Every structure is written in C-alpha cells, then in structure tokens.
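Student: Mind having a look at this structure? Questions to follow.
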There are 2 protein chains.
Amino acid sequence: MVKTKIITPAQGAYNYPLLIKSLLLSGQRYEAEQEIVYADKLRFSYRTLNERIHRLANALTAAGIKAGDTVAMLDWDSHRYLECFFAVPMIGAVLHTVNIRMSPEQVLYTMNHAEDDLVLVHDDFLPLLEQIQGELTTVKGFIQLSDEGAPATALPVLGEYEQLLAQAAAIYDFPDFDENSVATTFYTTGTTGNPKGVYFSHRQLVLHTLNAVGTLGVYQGAPLLRSDDVYMPITPMFHVHAWGVPYVATLMGIKQVYPGRYEPNSLVRLYREEKVTFSHCVPTILQMILSCPEAAHTDFSGWKMLLGGSALTLGVAGQAAARGMLVHSGYGMSETCPLLCVTYLRTAELQQPMDAQLAVRIKTGVPVPMVDLRIIDASGNRVAHDGVAQGEVVVRAPWLTQGYLHEPEKGAELWEDGWLHTGDIASIDPRGGVEIKDRIKDVIKTGGEWISSLELESLISKHPAVASVAVVGIPDDQWGERPMALVVCQPGQAVEQKTIEVHLQQFVDSGHINKWAIPKQIKFVADIPKTSVGKINKKLIRENELAQGRAE
Amino acid sequence: MVKTKIITPAQGAYNYPLLIKSLLLSGQRYEAEQEIVYADKLRFSYRTLNERIHRLANALTAAGIKAGDTVAMLDWDSHRYLECFFAVPMIGAVLHTVNIRMSPEQVLYTMNHAEDDLVLVHDDFLPLLEQIQGELTTVKGFIQLSDEGAPATALPVLGEYEQLLAQAAAIYDFPDFDENSVATTFYTTGTTGNPKGVYFSHRQLVLHTLNAVGTLGVYQGAPLLRSDDVYMPITPMFHVHAWGVPYVATLMGIKQVYPGRYEPNSLVRLYREEKVTFSHCVPTILQMILSCPEAAHTDFSGWKMLLGGSALTLGVAGQAAARGMLVHSGYGMSETCPLLCVTYLRTAELQQPMDAQLAVRIKTGVPVPMVDLRIIDASGNRVAHDGVAQGEVVVRAPWLTQGYLHEPEKGAELWEDGWLHTGDIASIDPRGGVEIKDRIKDVIKTGGEWISSLELESLISKHPAVASVAVVGIPDDQWGERPMALVVCQPGQAVEQKTIEVHLQQFVDSGHINKWAIPKQIKFVADIPKTSVGKINKKLIRENELAQGRAE
C-alpha cells in the first residue's frame, strides 16, 4: 500500500459529503426566476421548484418514508419527476424510476425486487398497478399523480401529489449522511432473463453532474449547454435519469421543459413555443420528429441534439443537419450513469462545412474527463488504438454502477479485475475517437477474425430488394463460427442467395470486408424475431438455428 | 445518525478514488498537439507534457522521493511548475509551492515547517538558498532549474531539471492511493506572526477543478474558458496553484502560456504574440498592464480577465473595458483553494451596454455551485440578504483547507461549528450577489454600527488633494471605537482636517454614510505603513496609535 500523508481536519472542520442537495444550491442562486415548464399544463420558477422540493420531502415523511426506504415512480416526463430526483434522495431514501414500457410482469418483478415502500403513480398507470397490486410484497402506500381531476382508483391512495404538497410545510431541514448512500435505482432489460437493477450513490451522481456540466458546457464553437439554453429531454426520465441532464440543468439554472408523453407533433410544438435549444434522444425518435407533420413547417435551426442509445447513421444525421440541427453523439449505458463519450470537434474540424463534420459527429466520440476507457482482446490484453483493431470496451469512471441489486454473481460478471466490461466491441483511432462496432455476444468469431454483425447487416441492407436483415454467428467445426443471415425481401421482390453473395462481393473487392464475411447460409423469411423493445432478438435466432441443426 | 442504504460493490468492482492523475487523462485525448508555451523559451505539445510528467516522476524517484515526502518548488511561472503540479502529487508526495516574495527568514521558516525533503530551485533563487542552506533542517537534495546554461552553485545539486528528465524513463506507473492524501501545501502571510501553512488533498483539487471547468465554461454570453481559448496566468503559481486554473486548462486541453517573471511589457507582448484570450490577476497588476508602454499600441479586445485578491474599483474596470477587455470578478482566499464566487451576468444584464454591466462585473459575484456561503452576526445568527445588512462571511465547500499545518489551535480558530470563517465582512443582495465590505478586523465598530474602513478610505480618496489614505478604528470610551484617518497629501498640496470633514459631509447628506463615520481625528503624514506584500499595515497603525495614546 502506498503510504501518503493523509489530510488532518482541525477541530470544527466540516468534511463536505458529496450529496445531491448540493446540486440544488446554485441554480436558484443564479436564476431564481428562471422557468420549469410542464408541457402546456404548468410553469413555475426555480424559487418555487426549491420550495416544492422542500414540501415534497415533508409530504414523503408524512407518508411514512424515512432514510433507507425506497420510493417508486411511475410517471411521464414531468416537473414531478424532477422534484423526486432531488427530494427522495435528499431525505436519504432511494428513488426507483420504474420503466413504464415494461410488461406488467416485469414491472411487478422490479417493484418487488427493489423492495419499494411507497409508489407515486400517474393516472395513466393506475390500471397497471390495480392489476398487479395484490402481488406487490413490500409496498405500503400510493400517491396519485394527476394532470387534471383525480380519477377514482381501487388503489388505497394517500392523496394526490399537488394536494399533499399544498398541505406540507415549506421548509425541510435536509440532513447530511454518507455520500456512498444509494440515491437511485432502475432496471435494465436484456433479451432474456429478469431485468437487472443498477444503482447509483449520491457521490456518483454529484460527480457525474459536475463532470457533465464541464463536458457539455465547454464544447468548442457550439457548447451543448450554456446558462441561456432551454432544455427539453426526449429520453425518458425513468431511464438513467434522462442521461443525468436534469441534474446538470438544475445546477446551472437553465430553463427546463418537460414534455409529458412523447408524441412527435407535441414535441415539435413545445420546441417551437418554448424556444428549446438543447435536447437528447435516440436516433429512432429523431427520425420520428423529422418526419412528423408538425416538422414540415418548423425551423429547426440551432437545435442542439445529443444522440445516443444506438448508432446514428449518416442518413438520419444528414436529414437533421439539412434542417439546421446541430447533431452530436454520446456513448454510455444504464450501467455507466451513463456518460462515457461525447463527440469532440477540434477547431479545424469546426471550420469544415457541416457535411464534412457529420462523419465526426455521428461517431461515438471521445471519452469525457475522468473516464478511463480501453479496448481489450479475449485474453485481457490492450488492443492498439489504430482505428482498425477491435476489442471489448472496458471502463473506469467515478460513476459506474458497483453491481446489480441483490445479484452479486451478475455484478462479478460485469466487473472483472477492476474494469467494467461493457459487452461492446469498438475500435479507437489514434486521436482517441471511439467507434462502437457491435455487441460482443453478436460479433462473429471466424478463423481468428472478428466480423461485426451490425456492419454485415448494414451492407446487406444496401441491396434494393432487401427490406430487413439479421446476421448472427452459428457454430462451425472448421472456423469456430460463420455468419448466417435472415433476409426479409421488399414486398413483391424475390432474390436468391447468389444475388446477395454477388452484392457482398463488391465490398470484398473494395477491401471493406474479408471474403469469409459472406454468409454461407442466407435464409429468406417473412419476419425477423424481435424483443419486447423492438430490437432484433439474436439470441432467439441463434437458438432456433441450433435446434434446427440438431433436428436435421 | 441518518440510516441510509450504503452502496454495495460487487467482487472486482473498482472504487474510483479522486486523484490528480485523473485530471491528466482528457486534455491530451482532446488535443494531443495543443501547445504548452514557456515565454519565448520553449513550446511543446500536450502529448509531450504527458511524457515529461512521467519522466519527472521517475527523476523524482531517482532523487529519493517517495509517497509521503515533500518537494519544494522555487520558480517563476513556468512549464516546470505545471509539470510539478501533476508529477509530485501523482507519486503520492506533497508539493510545497514556496512564496518567492517572502523574506529569506520566512522562506527558511516555511521550508523547515513544511519539512521539505527535496528542493527544485530556479537559478534566480540560488543566492537565497545558498544564504539559508545551513539552517535547512530536513532538506536532503536540490534540483536546479535553469532557463539557459546552469550556473555554478554552492548548493549540492543533483542535476539540472532538463538533464534529469532526459535521463529518466518515459513511463511511470502512477499508483492509486487514498483520495484524502495531501497533494499540495503553501503558506499565507499575515501582518504579524509566522506564515501559516494551508493544505489541499487530491479529492479537494479534483473537485475544485471539475467545478471550475463548469463555472468558468458555462458562462452566459461570454464563457471565461472554452476549449479554443488561450490561457496565461498572471497570478503566481506558488499562490493557490494560480487559482487552480492550470489544472482546469490541462483537463480541457487548452493552449497554456507561462510567462516566467511578471514584467508588464513582456506580458503584453506574450498576450499579443500567443493570442492569449483568458487571464486572471489582481487589480494592481491590471493597472500596471494597462499603463505600460507596450500597452499603448496593443489591442486588448476580447481579452477575458478575471480579477480577484482585492476589490476592483470602477475606475480601473472602466479603463480595462474602454480598451476592450472583458472583466470579471472572483472571490476566494488561500484557505478556500480559492474559488468561492465569480461574477454572474444574467441575460438581461448582458444585453446592457458595457458601462452598465461594469457595476455587476466589479462586484464579488455569486457563490459557485457546491459553495454554501452565509453572512452571520457576532452571535452566529444569519444576517438578512437585503444588500444592506453586513455580516462575516462563513463558508462550506468541498475544497476548503481543513486546518493549518502543524497548528491545530489556529485551525480551530479558522473553523467554528463546521463553518470556515473568512474574516471578511460582506452584504448579500436578494439575488445572491456577494459584496465584500472589509476585513472583520479592520471594520470599525462604533455605537452598535459597523463602518467599513475600505469604504471610508475610498470616499476620502476622492478628494483631489489626497494621494493615499488609511482608516482604522481606535478605542473610544463612549462609542467602543471611532474612525481615525492617516492621509498623505498630493505633492505640493496641503489640506486641513476641516477640508476632509466638509468633503465627507456631502456623503452624509446623500445618505451614503452616517455622520459618526466622519473621523474625529485625521493625521496628515508623509507615508502610510505597509506590509511586506504592499498592503496597508492597519495592525501596526493601530498599535502606533495606542502606544502614542499611552505616552500622551
């Protein structure tokens, strides 16, 4: 052990813990009259936000919640969610942000698994909870979240959110406690098995926020966030705290707009009416926004849009840029809080025309400060940063989940030798730019080479007769694995295996792929198996192939 | 004690300590070819900076330095200083940044008190060290810092810095250790008594840096620091790590220019030639820069200048603004690392003409995120934030010194009930703007009222015949204290007590001051006693007055 001089506190000195309450200090100091907007329903100032958080803390206490308890939240993106981001952890309790897109069975599983004590539930999810109520094993109470009226429910609710706030005292004396206290938890869904719970401490969220303020704010030429920006999230608040940006915006005193449900036309109207300048979303949502009727007569100039969640194609980025949006990419995952990488444009790159910039803007970006990111081979050795060699992304940062809730064995799989294994395959260019290639479980290992299933899908999909395609690796005695493709043809079109082979040969000739990347087996099917969230279910495809192989 | 859920790390999880080495990761990732410049003597890239820090760590190790040891630095502002800011703490040692403006006796005192093991010394300070060498009780070795050649010295030097770096290996495996390890120490000088040593941990410097990146970067309209800025410090690196900005600039990958000695004409030339866009200094230096010959034919447009250390007057700020500079104010002290407050301009204020903005820009500013700042009365009660009521500034932040080195009793005076007592008197306006009025020991307590000696000096100095003035409180049986002024007249001018009284009466009439603020005693003198660093020595003035009173 390294023997350093350890700091000596004088009598009476304050050992400042990194607690979420510290993030609430500055926003209202900078901009007390700045607005928090909830769609077209409500708007109030930062001064009021601060008071509402104090009231909420008192209301939660009156509902029996104390430090160490867990409060579940089922709501659309709202001011209430923002208030819970602060008030629940600030009293020492844990906020469980429930994924409202999961099946009722999964919602039930996560609520029992997280041991939720109190549930805050929006009217739209009352039927869901009424259905599973009898099976909730730890819940002691419910608070109703109503946008108007407060419809009757079979649930034994303690009251409606706004009424409880109005009754509560306006001052709460938030205590100090260990900065390693759990502040939030939520569940990630895989293709199979039960959802897994990740969790983040006060210290982790404070460090993530401080770092994100710097990372998003100091951008050359076009910072993603400045004090005079207007922020509207378009990734849900239940998912990795809307990428942590609500904490960042609140610290900075930035105007915040919460859109409720995600309906593209309403989002575009809110953008226009509230003069939104910064949002973040996944590429699918960006496409929906660009193609909705309301977009046709809307000027998107200067809307800074951070994309993440899945790869941003040049096509979608180009459409957005043509409409004036400034697109940036980020990389992260539920387990990483999520910030790992964000697009970084150097001065010379910013002076290029937007078309030339897009090649950089759609890449995953450069690791942000405090993030130590490596790519390693199967033996754990570091892989060269030459922009070509691929390896699994492993990371260290001050804000990574330390495991999965109540599942130490899964946590020990996530973490190995002090590095969080992302399960993503990437290359890193000599200047630090990270490019994600595939999920490690979907990469095809053939004759010592790695073939990206995503890249192969992208190339096959360029054939005009192909509507959709999935590529997986199936076992092969000689090569270890070889690629197999499922292809759905465009309506009224039919192609043969030979057609696809000839199509792919051009990419072999151009040096894009190796010849063994051409699938030996291509199956033409009516439909490709998908998961509950619409991703290609490669695990199921591989299992089907194996079963069929055995049957043959 | 509040009982929260504490985070559970999975097997293999990495508990990321906040260490200075983390700050070095991102700058070279963002801008590997960006420059570090040392006056007109040397320039190299961030890639080289990183390698030089590794070499320095090896050179220090070869010189016998290990974790827990202390390395002293006596140098002008240089790339070497920047390298020591990183390499010394990164091997687990403590960097003692020696105040080269102190007297030889004080330098000796601090070097023995800090228990320095190794000394890095610039050629210009060899005579100083040769003089005190025999009395250094803990120093085991010296390294010479030469800008050219390497003059002979009586000190037993181990070698010259550049030679030692050239000989050292280019890779050092920096270890992990407790984030509460002491990273740096330096001494503050008061008007009397020995200098006191403050100290900062890795955790404190990392948090100060992350917060400063955000604070300086997200500024509305005119951020103080962006990735494409060029930074040159004009407050010395031995003093509170040049306000911590070298760490901030390195994290961001910003071009850095270190000027060596502070000579106004050279500073202006460097500003021009290196296209500097951001600096920080004290008002006296700003005045010297504005009035030096080189300034006459230099365009200062867009030079962002952060002022601190003492109050910025409207006069100097106006001169700077008239030349195109963007002035901002900050507030902090050696004990606070130093960042506490920085000017914050709201959107509406930024749209006003610069003349109107100056009133805000010269104020001390708003507390930055994570800083909890209060004003309290003599009984410890909070004072109203009405812009009028005054109290002592007490603070909490994650980066305040936890005491004074080896002097627990002085640390216990600095800290009281968990608040660091700054000794400054301020008012806070309803919007959070802090205005420092005086040092608590210089404020004049008369008949239950507080009179700011600084404000009174400012008003008296407005009389055209007054060259300089000092105001102190002297004991008074009836009022507790009453103000007494020492006045130095302009050459060839003579005034009477009555003249000053009449002059001050106008400020009484306008409601600016109360009538008991007019000094009953005004002495016309040839000179005002100053401290070694050029501040008015009010303690000595009071002592002289008391001695004279007793003698009479």
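The values are calculated or read from the model by the stated rules, or taken from the named source; none is laboratory data. Just so we're clear, the structure is a prediction, and the values are computed from it rather than from any experiment. Ideal geometry is used to build each Cβ from the backbone, glycine not excepted, and the neighbour counts take in all protein chains shown. What goes into the accessible areas is simple: the full protein's heavy atoms, side chains included, and nothing from ligands, DNA or RNA. Shrake-Rupley method; radii C 1.70, N 1.55, O 1.52, S 1.80 Å.
Student: Condition check: assigned by TED's automatic domain parsing to the domain that holds residue A:399, on the phi < 0 side of the Ramachandran plot, open to solvent by 70 Å² or more (accessible area, probe 1.4 Å) and of a type outside the set (S, T, N, Q). Does residue A:491 satisfy that?
Tutor: no
Student: Let me ask something additional. Is it true that residue B:202 is open to solvent by less than 10 Å² (accessible area, probe 1.4 Å), within 14 Å of another protein chain (Cβ to nearest Cβ) and not acidic (Asp, Glu)?
Tutor: So residue B:202 passes the test.
Student: Same structure again: Can you tell me which residue within the range A:345-360, out of those that are without any contact (Cβ under 8 Å) to a residue 60 or more places away in the chain and open to solvent by 40 Å² or more (accessible area, probe 1.4 Å), is nearest to the chain's Cα centre (by Cα)? Explain how you work it out, then say what you get.
Tutor: Going through the range A:345-360, the residues without any contact (Cβ under 8 Å) to a residue 60 or more places away in the chain turn out to be A:348-349, A:351-359.
Those left that are additionally open to solvent by 40 Å² or more (accessible area, probe 1.4 Å): A:348, A:351-356, A:359.
On the way: A:348: 31, A:351: 31, A:352: 30, A:353: 30, A:354: 26, A:355: 27, A:356: 27, A:359: 23 Å.
Looking at the filtered set, the residue picked out is A:359.
Student: Just to check your reading of the model, which residue among A:153, A:189, A:215 is of a type in the set (S, T, N, Q), outside the structural domain of residue A:55 (by TED's automatic domain parsing) and open to solvent by 10 Å² or more (accessible area, probe 1.4 Å)?
Tutor: Working: A:153 fails: outside the structural domain of residue A:55 (by TED's automatic domain parsing); A:189 fails: outside the structural domain of residue A:55 (by TED's automatic domain parsing).
Exactly one residue qualifies, and that residue is A:215.
Student: Could you check residue A:28 against (1) polar (S, T, N, Q); (2) within 14 Å of chain B (Cβ to nearest Cβ); (3) farther than 29 Å from residue B:434 by Cα and say which number it fails?
Tutor: Going through the list (1) polar (S, T, N, Q); (2) within 14 Å of chain B (Cβ to nearest Cβ); (3) farther than 29 Å from residue B:434 by Cα, residue A:28 breaks only (3).
Student: Taking the options A:11, A:34, name whichever one is of a type in the set (S, T, N, Q), facing chain B (nearest Cβ under 7 Å) and either open to solvent by 20 Å² or more (accessible area, probe 1.4 Å) or touching a residue at least 24 places away in the same chain (Cβ under 8 Å) (or both).
Tutor: On inspection, the qualifying residue turns out to be A:11.
Student: Can you name the number of the only condition in (1) surrounded by fewer than 23 Cβ atoms within 10 Å (Cβ to Cβ); (2) of a type in the set (A, V, I, L, M); (3) within 26 Å of the chain's Cα centre (by Cα) that residue A:139 fails?
Tutor: (3)
Student: Here are some conditions: (1) within 12 Å of another protein chain (Cβ to nearest Cβ); (2) of a type outside the set (Val, Ile, Thr); (3) crowded, with 17+ Cβ neighbours inside 10 Å. Residue B:339 meets all but one. Which one does it not meet?
Tutor: That leaves (1) as the condition not met.
Student: Taking the condition farther than 20 Å from residue B:327 by Cβ, out of contact with any strand residue (DSSP E or B) (no Cβ under 8 Å at 6 or more places or on another chain), more than 14 Å from chain A (Cβ to nearest Cβ) and surrounded by fewer than 22 Cβ atoms within 10 Å (Cβ to Cβ), does residue B:274 pass?
Tutor: No, not satisfied.
Student: Tell me the strands (runs of 3 or more DSSP E) entirely within the range A:107-209 that contain at least 2 residues that are within 30 Å of residue A:535 (Cα to Cα) and modelled with pLDDT of 95 or more.
Tutor: Numbers: elements: A:118-122, A:141-145, A:157-160, A:182-188, A:196-201.
Qualifying strands (runs of 3 or more DSSP E): A:118-122, A:182-188, A:196-201.
Student: Counting only residues that are assigned to a helix (DSSP H, G or I) and in contact with a Pro (Cβ under 9 Å, 6 or more places away or on another chain), which one in the range A:294-310 is most open to solvent (accessible area, probe 1.4 Å)?
Tutor: Ranking the qualifying residues of the range A:294-310, first place goes to A:294.
Student: A further question on this structure: Checking residue A:378 against (1) within 14 Å of chain B (Cβ to nearest Cβ); (2) more than 30 Å from residue A:297 (Cα to Cα); (3) surrounded by fewer than 24 Cβ atoms within 10 Å (Cβ to Cβ), only one condition comes out false. Which one?
Tutor: (1)
Student: On to the next question. Condition test on residue B:4, is it over 23 Å from residue B:182 (Cα atoms), open to solvent by less than 30 Å² (accessible area, probe 1.4 Å) and either more than 14 Å from chain A (Cβ to nearest Cβ) or assigned to a loop (DSSP other than H, G, I, E, B) (or both)?
Tutor: So residue B:4 passes the test.
Student: Still on this model: Answer with yes or no whether residue A:329 is open to solvent by 50 Å² or more (accessible area, probe 1.4 Å) and at pLDDT below 95.
Tutor: Considered against the rule, which asks whether it is open to solvent by 50 Å² or more (accessible area, probe 1.4 Å) and at pLDDT below 95, residue A:329 comes out as no.
Student: Now for a different question. Filter the range A:318-343 for residues that are in a strand (DSSP E or B) and under 12 Å from the mean Cα position of the chain (by Cα) and give the result.
Tutor: A:330, A:331 - these are the residues of the range A:318-343 that are in a strand (DSSP E or B) and under 12 Å from the mean Cα position of the chain (by Cα).
Student: Could you identify the single residue in A:41, A:21 that is within 14 Å of chain B (Cβ to nearest Cβ), open to solvent by 10 Å² or more (accessible area, probe 1.4 Å) and of a type in the set (Lys, Arg)?
Tutor: Result: A:21 is the single residue among A:41, A:21 that is within 14 Å of chain B (Cβ to nearest Cβ), open to solvent by 10 Å² or more (accessible area, probe 1.4 Å) and of a type in the set (Lys, Arg).
Student: Inspect all residues belonging to the range A:221-228 and state whether any of them is buried (at least 19 other Cβ atoms within 10 Å of the Cβ) and more than 14 Å from every other protein chain (Cβ to nearest Cβ).
Tutor: No, that holds for no residue.
Student: Next question, about the same structure. Against the condition at pLDDT 95 or above and within 22 Å of the chain's Cα centre (by Cα), how does residue A:89 come out, does it pass?
Tutor: yes
Student: I'm checking my understanding of the structure. Among residues of the range A:210-234 that are modelled with pLDDT under 95 and of a type in the set (Val, Ile, Thr), which one is nearest to residue A:97 (Cα to Cα)?
Tutor: Here the answer is A:213.
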